[in-house]
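Colleague: Let me give you the structure first, and then I'll get to my questions.
The values are calculated or read from the model by the stated rules, or taken from the named source; none is laboratory data. Note that the structure is a prediction, hence the values are computed from the model and not measured. Heads up, the Cβs are rebuilt from the backbone with ideal geometry, glycines too, and the neighbour counts pull from every protein chain shown.
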Amino acid sequence: MKHSRNKFSKAALRGYACLAGLLWWGCVLAQDAPDPYIGMENLQDPNATRWVDEQSMRTLESVRKMPGFDERYKANLRVLSQREFNIQMPGSVDGVVYNHFRTASQPKGVWRQATMDEYRKSRPEWQTLLNLDSYNRNEPVEWTWAGAQVQPAVLQDPERKSVRALVRLTRGGSDAAVVREFDLNSRSFVASGAGGFEVPEAKGWTYWWSANELLVSTNFGPGTMTDSGYPRELRLWKRGTPLSSAVPLFSAEATDISVDWWADIAPDGTKRLLVKRRISFFRYTYFAWDGKELKALELPAEATARAHSGHLVIEPHTAWMHKDRQYSAGSLLLVNYEEFIRGTGVPRVLFEAGERKTQQGYVVTENHIAVNELRDLQSRVVIHDLLGDRPPREVQGLSDFGLARLWQLDAKGDAIWLLFQGFLEPQSLYVLNTANLALDKIHVQGPVADASPYRVERGNAKSLDGTLVPYTLIQRKDAARDGRQPTLLFGYGGFGISVLPEYQRFPLLNWLEYGGTYVIAHIRGGGELGPGWTQAAKGAKRQTGFDDFAAVAQALVDAKVTQPSRLGIYGASNGGLLVSAVMVQRPELFGAVVSRVPLTDMRRYTRLLAGPSWVEEYGDPDKPEDWAVLARYSPYENLRPGLLLPPTLFITNRNDDRVHPAHGRKMAAKQQAMGYPAWLYEPREGGHSGVATPQLQAEREALLYTFLMHNLKSNSTPK
């Protein structure tokens, strides 16, 4: 797969590029040239399917012959399948712990339960509730696990004497899912003919509202889905009645993204429901439902609000003036729920964003709220009293360089789950008592490799506008700065999503152990440094994020960490757009590219699957002023002869119902037609995440890292 670039004189190259560029730019703006690869958008087209399958086979056959593929695949599968490398992540309800776990022999996995005392043991004895591999043998579809919601005790029917759950199953990891009621006592699904709830396959959500009622948003038939492909109706469905007769509570507009909601069931059984009309990806209107009618809430258009046992937590994403007080963007506010509904509540500020300071979530307990603050990319967990009786207290005992994740342990009491990890520090799971701040370590993830030979460094690259863009570099301590290191640069930079210090087990196993250097760029568009960092590369300012990423790449070359021929880049989804765009803009800076489930055709992205929901993030290509911006960076439209692109691998998924696989397909086909070295790999299942089975994930990780290392001209072998 090595590619020798044609050698032209610099003068001839400049002249050719200038002529080609003028011709190309006129076509891009005019938009009068037909798209020869538009057939790739039809997932039922046998010609397109045949071509894609041939491409995938060609890619697999080529990469499997490369040094290191088999070793990587076996190591990945071992790590994904053996429990010492995987904390059995808990979801807990009423003192019972639930977990879903997959192995190589049970790729679809087992859903199981254990008592809290049993779960604390180093090797818990689990009780199997559902073996999905066995269940699938009698199903027409090979279902993939997508989660379950267990009915809390406060909602259970005392006459039924059994615990019920709503189990969510998808086709190979797609977003669309079926929901089926499951009896935990008999360990079987409750047939619809026997009064069981069953929601047909669709994008949507369900939630227990009582023992015999569900909140449901799904495809109820023609006209009930938005232009983005999500439900626009929220209904209340009573047991024993057809789904079509469920009582409508709210209907969004067809042009909205969706209708969402937040249901809160307090330990005493008190119910609160917030309905969210999602007008665009970041703009909402909230309504409170009192069981009879909906009341609009006085909240900013860009804010997140959730109810928690008598409290309302508000996160304004833009500055908000409320009752003569200014609340800053990125703050976290707490107010009495009932008082706010009546219009009398005054929010209390728990957190304010600042320079390189933001927050990454919270958990409300019976008496406290735990806030996960992010200060200069490092987690700090701060506990606040709900009634404000004491000053905030910071949890001690966590390392200075790492990431915390918090989630609820039980609706009662003051204990929460806390997961902590670092780039080279495996995960540790704790129970945190928010009353006395005691940390009780429950489980520790086994390291996939010895981390002692490696170091983690933080650096900053100066972007085109002078902004310092942070990046994290991981490499061997004895690595020479001679420009010869095969280096992989990863980035995302969109939707306010942060790339944070998670345990890098697959880069460690597949890249660092083979002599490579791994770098993460914390570029604008992401949420690492707060709301301003996110807004700086949104919409018409998208190019800023691309400039940031290229600046980090250039900084690595200038510091002699690597050189362009040994610098690879990798990104997925919005990150796939990132690396595809930067590859076209700065091809001389990179030696290989992997673009997974990417957006590439920004002219047609709003016509493909969930594309309309991202207009606020990227812009509307049907508006001339927006297209003028999109046209300058859209990878598919900007692809032209004379760029001397590096070897590129596009990874898509046949059943990805979020980002259409045509983006990667069309880009690969167009690059190949122009004589560029491009490959395509598209498995038939996996959905957007591509992790339907351990085998599928192990193969993908081995594929992308082997491809990159081979094409970065490295002869490295495992240490």
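Colleague: For a quick check of your reading: which strands (runs of 3 or more DSSP E) sit entirely within the range 222-277 and have at least 2 residues that are among the acidic types (D, E)? Steps first, answer last, please.
Modeller: Values: elements: 233-238, 247-251, 258-265.
Qualifying strands (runs of 3 or more DSSP E): 258-265.
Colleague: In addition: Of everything in the range 259-280, what is in contact with a Ser or Thr (Cβ under 6 Å, 6 or more places away or on another chain) and either surrounded by fewer than 20 Cβ atoms within 10 Å (Cβ to Cβ) or of a type in the set (G, A, S) (or both)? Give them in sequence order.
Modeller: In the first step, residues of the range 259-280 are kept if they are in contact with a Ser or Thr (Cβ under 6 Å, 6 or more places away or on another chain); the result is 259, 266, 277-278.
Across the range 259-280, the qualifying residue is only A266.
Colleague: Collect the residues in the range 387-411 that are part of a loop (DSSP other than H, G, I, E, B), surrounded by 17 or more Cβ atoms within 10 Å (Cβ to Cβ) and touching a Leu at 6+ places or on another chain (Cβ under 7 Å), keeping them in residue-number order.
Modeller: V395
Colleague: Could you list, in sequence order, all residues of the range 458-480 that are of a type in the set (V, I, T) and in contact with a helix residue (DSSP H, G or I) (Cβ under 8 Å, 6 or more places away or on another chain)?
Modeller: Taking the range 458-480 first, the residues of a type in the set (V, I, T) are 467, 469, 472, 474.
Once the filter is applied, which keeps residues that are of a type in the set (V, I, T) and in contact with a helix residue (DSSP H, G or I) (Cβ under 8 Å, 6 or more places away or on another chain), the range 458-480 yields T467, V469, I474.
Colleague: Pick from E625, E616: which is farther than 28 Å from V63 by Cβ and within 24 Å of the chain's Cα centre (by Cα)?
Modeller: On the way: E625 fails: within 24 Å of the chain's Cα centre (by Cα).
Among E625, E616, only E616 is farther than 28 Å from V63 by Cβ and within 24 Å of the chain's Cα centre (by Cα).
Colleague: Considering the range 212-226 alone, what residues qualify as being farther than 21 Å from V154 by Cβ, of a type outside the set (A, V, I, L, M, F, W, C) and crowded, with 16+ Cβ neighbours inside 10 Å?
Modeller: Quick first cut of the range 212-226, residues farther than 21 Å from V154 by Cβ only: 217-226.
This time we only want the ones that are of a type outside the set (A, V, I, L, M, F, W, C), so: 217-219, 221-224, 226.
If the condition is that a residue be farther than 21 Å from V154 by Cβ, of a type outside the set (A, V, I, L, M, F, W, C) and crowded, with 16+ Cβ neighbours inside 10 Å, then S217, T218, N219, T224, T226 are the ones that fit.
Colleague: With respect to P612, is the statement that it is in contact with an Asp or Glu (Cβ under 9 Å, 6 or more places away or on another chain) and under 30 Å from K477 (Cα atoms) true?
Modeller: Working: in contact with an Asp or Glu (Cβ under 9 Å, 6 or more places away or on another chain): yes; under 30 Å from K477 (Cα atoms): no.
Taking the combined requirement at face value, the residue does not satisfy it.
Colleague: Considering only the range 628-653, state which residues are of a type outside the set (G, A, S), farther than 18 Å from L589 by Cβ and within 23 Å of the chain's Cα centre (by Cα).
Modeller: Once the filter is applied, which keeps residues that are of a type outside the set (G, A, S), farther than 18 Å from L589 by Cβ and within 23 Å of the chain's Cα centre (by Cα), the range 628-653 yields F650, I651, T652, N653.
Colleague: What's the number of the condition G422 fails, among (1) under 30 Å from E71 (Cα atoms); (2) of a type in the set (G, A, S); (3) surrounded by fewer than 20 Cβ atoms within 10 Å (Cβ to Cβ); (4) touching a strand residue (DSSP E or B) at 6+ places or on another chain (Cβ under 9 Å)?
Modeller: (3)
Colleague: With the requirement that a residue be touching a Gly at 6+ places or on another chain (Cβ under 7 Å) and either basic (K, R) or part of a loop (DSSP other than H, G, I, E, B) (or both), what does the range 75-122 give you?
Modeller: Within the range 75-122, just R102 meets the criteria.
Colleague: Same structure again: Does the range 698-719 hold any residues that are modelled with pLDDT under 95 and either of a type in the set (G, A, S) or within 30 Å of H100 (Cβ to Cβ) (or both), and which are they? Full working, then the answer.
Modeller: Initially, the range 698-719 is screened for residues modelled with pLDDT under 95, giving 713-719.
Passing the criteria: S714, S716.
Colleague: So the check is Cβ under 6 Å with 6+ separation or different chains; which pairs have a first residue in the range 473-487 that's farther than 12 Å from K713 by Cβ and a second one that's part of a loop (DSSP other than H, G, I, E, B) and among the charged types (D, E, K, R)?
Modeller: What qualifies is R481/K560; G483/K560.
Colleague: I've got another one for you. Having 3 or more residues that are in contact (Cβ under 8 Å) with a residue 24 or more places away in the chain and buried (at least 19 other Cβ atoms within 10 Å of the Cβ) is the bar; report the strands (runs of 3 or more DSSP E) wholly within the range 128-211 that clear it. Let's see the steps before the verdict.
Modeller: Details: elements: 143-150, 164-171, 177-183, 198-202, 205-210.
Output list reads 143-150, 164-171, 177-183, 205-210.
Colleague: It is to be established whether one or more residues within the range 349-366 are of a type outside the set (D, E), free of Cβ contacts under 8 Å to residues at least 40 places away in the same chain, more than 21 Å from W417 (Cα to Cα) and assigned to a loop (DSSP other than H, G, I, E, B).
Modeller: no
Colleague: Could you check, for the range 681-697, whether at least one of its residues is of a type in the set (A, V, I, L, M), in contact with a helix residue (DSSP H, G or I) (Cβ under 8 Å, 6 or more places away or on another chain) and modelled with pLDDT of 95 or more? Break it down stepwise before answering.
Modeller: Just the residues of the range 681-697 that are of a type in the set (A, V, I, L, M), to begin with: 691-692, 696.
Restricting the remaining residues to those that are in contact with a helix residue (DSSP H, G or I) (Cβ under 8 Å, 6 or more places away or on another chain) gives 691.
So of that shortlist, the ones also modelled with pLDDT of 95 or more come out as none.
Among the residues of the range 681-697, not one is of a type in the set (A, V, I, L, M), in contact with a helix residue (DSSP H, G or I) (Cβ under 8 Å, 6 or more places away or on another chain) and modelled with pLDDT of 95 or more, which makes the answer no.
Colleague: Now, a different point. Report whether or not S573 is small (G, A, S), crowded, with 19+ Cβ neighbours inside 10 Å and touching a His at 6+ places or on another chain (Cβ under 8 Å). Can you show your working first?
Modeller: Working: small (G, A, S): yes; crowded, with 19+ Cβ neighbours inside 10 Å: yes; touching a His at 6+ places or on another chain (Cβ under 8 Å): yes.
When the stated conditions are applied, S573 passes them.
Colleague: Please work out which one of (1) modelled with pLDDT of 95 or more; (2) of a type outside the set (D, E); (3) surrounded by fewer than 16 Cβ atoms within 10 Å (Cβ to Cβ) is the condition V97 fails and give its number.
Modeller: (3)
Colleague: Give me the residue from the range 380-411 that is polar (S, T, N, Q) and at pLDDT 95 or above and, out of that set, nearest to A266 (Cα to Cα).
Modeller: Residues of the range 380-411 polar (S, T, N, Q): 396, 399, 408.
Right, trim to at pLDDT 95 or above and you get 396, 408.
On the way: Q396: 30, Q408: 13 Å.
So the residue we want is Q408.
Residue-by-condition table, conditions (1) closer than 19 Å to L334 by Cα; (2) touching a residue at least 24 places away in the same chain (Cβ under 8 Å):
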site: K271; (1), (2): yes, yes
site: F281; (1), (2): no, yes
site: Y286; (1), (2): yes, no
site: E293; (1), (2): no, no
site: L297; (1), (2): yes, yes
site: T304; (1), (2): yes, no
site: A307; (1), (2): yes, yes
site: I314; (1), (2): yes, yes
site: A319; (1), (2): yes, no
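Colleague: Of everything in the range 323-343, what is under 19 Å from L273 (Cα atoms) and outside any strand (DSSP E or B)? Give them in sequence order.
Modeller: Kept after step one, since they are under 19 Å from L273 (Cα atoms), are these residues of the range 323-343: 333-343.
Residues satisfying the conditions are Y337, E338, E339, F340, I341, R342, G343.
Colleague: Right, another one. Could you list, in sequence order, the residues of the range 370-386 that are acidic (D, E) and not in a strand (DSSP E or B)?
Modeller: Initially, the range 370-386 is screened for residues acidic (D, E), giving 373, 376, 385.
Scanning the range 370-386 gives a single hit, D376.
Colleague: Counting only residues that are under 30 Å from G147 (Cβ atoms), touching a residue at least 12 places away in the same chain (Cβ under 8 Å) and in contact with a Pro (Cβ under 7 Å, 6 or more places away or on another chain), give me the helices (runs of 4 or more DSSP H) lying completely in the range 599-716 with at least 1 of them. Explain how you work it out, then say what you get.
Modeller: On the way: elements: 615-618, 624-633, 635-638, 662-673, 694-711.
It comes to 662-673, 694-711.
Colleague: Okay, moving on. Of the residues that make up the range 215-234, is at least one among the basic types (K, R), over 18 Å from Y286 (Cα atoms) and in contact (Cβ under 8 Å) with a residue 12 or more places away in the chain?
Modeller: So the first thing to find is which residues in the range 215-234 are among the basic types (K, R), and the list is 232.
From what is left, the residues that are over 18 Å from Y286 (Cα atoms) are none.
For the range 215-234, residues among the basic types (K, R), over 18 Å from Y286 (Cα atoms) and in contact (Cβ under 8 Å) with a residue 12 or more places away in the chain: absent.
Colleague: Also, I was wondering about something else. Of the conditions (1) at pLDDT 95 or above; (2) more than 22 Å from I497 (Cα to Cα), I314 fails just one. Which one is it?
Modeller: (2)
Colleague: Just to be sure I understand, how many residues within the range 412-431 are of a type in the set (A, V, I, L, M, F, W, C), more than 23 Å from I265 (Cβ to Cβ) and in a strand (DSSP E or B)?
Modeller: Start the filter on the range 412-431 by keeping residues that are of a type in the set (A, V, I, L, M, F, W, C), which leaves 415-420, 423-424, 429, 431.
Now restrict to residues that are more than 23 Å from I265 (Cβ to Cβ): 418-420, 423-424, 429.
Retained after the next criterion (residues that are in a strand (DSSP E or B)): 418-420, 429.
Adding up the residues that qualify gives 4.
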